[in-house]
1. If you build the convex hull over the alpha carbons only and average its shadow over all orientations, what do you get for segment 144-215? Give it in nm² to one decimal.
2. Arrange the peptides 197-206, 33-42, 154-163, 53-62 so that the one whose residues have, on average, the most other Cβ atoms within 10 Å appears first.
3. Count charges around D41 for me, please; just the other residues with Cβ under 15 Å from its Cβ, Lys/Arg as +1, Asp/Glu as -1.
4. Test of understanding: extend the Cα→C-beta vector of Q45 to 7 Å, then name every residue of segment 59-80 with backbone N under 20 Å from that spot.
5. Once you keep just the Cα pairs under 8 angstrom separated by 6 or more residues, what percentage relative contact order results for segment 144-215?
6. To the nearest 10 degrees, how steep is helix 145-156 against the longest Cα principal axis of the chain, on a 0 to 90 scale?
7. Can you spot the lysines whose alpha carbon is less than 27 Å from K154's alpha carbon? Ignore those fewer than 8 places along the same chain.
8. What angle, in degrees between 0 and 90 and rounded to the nearest 10, separates the Cα long axis of helix 160-170 from the longest principal axis of the Cα atoms of the chain?
Amino acid sequence: MTDPRIRVLVVDDDPMAAAGVAAILGAAGDIDVVGRCSDGDEVAQAVALHHPDVVLCDVRMPRMDGVAVVESFDSARPRFLMMTAFDEDGRVLDAVSAGAAGFMLKDEDPHRIIEAVRQVAAGDAAFSPRAARQLSAWVRDARSATARRDAAAKMAELTPREREFAVAVTNGASDAELAQTFFVAETTVKSTLAGIRAKWGVRTRTELAVVVARSGA
């Protein structure tokens, strides 16, 4: 029988931060913290030993940072959720580009951190509203005129309702929050977002948010 509990590896060079996150996750009934690493160069061995579903990984570490960790895994990688104190100047965006499924702030509400781990384990992307705003700022600052025009053209392909959903995703709303905001079922949210990703040829929630940010919507 497949174990329904989510196996999480916590990676952080700050012992107190790692212990705090592990305690938050340990309070959830469906999550097991199966291991902890104090730096990125320990992750490969820990993944081989513990087989985590999700690696909750700090971005900046002294020997091997989180971006390099994500880049070091191939398509068989576990899913990475990055954690940041938010002085990263775009390093989290680099991690997302390398294949991370999302990112959260270290001082985020514990319930959001738990929910983000669940979303990432389920195959979705996750980022908090504050993290989403920072993502939008990084993308806007870095975008080229061509990228802006391409993103605006993609936004023009959407129906008014799809556009509302897409913008809400950029603000960090979860599927449940979108369902409450638009008075629809979560299945409707999932199918609508899947339709947007299909139109745009993107795979993840984060890639969808990047397009919206580049468009300036």
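1. 4.3
2. Top of the packing list down: 53-62, 33-42, 197-206, 154-163.
3. -4
4. Answer for this model: 61-74, 78.
5. After rounding, I find 49 percent.
6. Compared with the principal axis, the helix lies near 70 degrees.
7. Partners found: K190, K199.
8. Tilt relative to the chain: about 30 degrees.
Each reported figure results from applying straightforward, stated rules to the coordinates on display, with no laboratory input. The structure displayed is predicted, hence computed values, not measured ones. We place every Cβ from the backbone using ideal geometry, glycine too, and count neighbours over all the protein chains shown.
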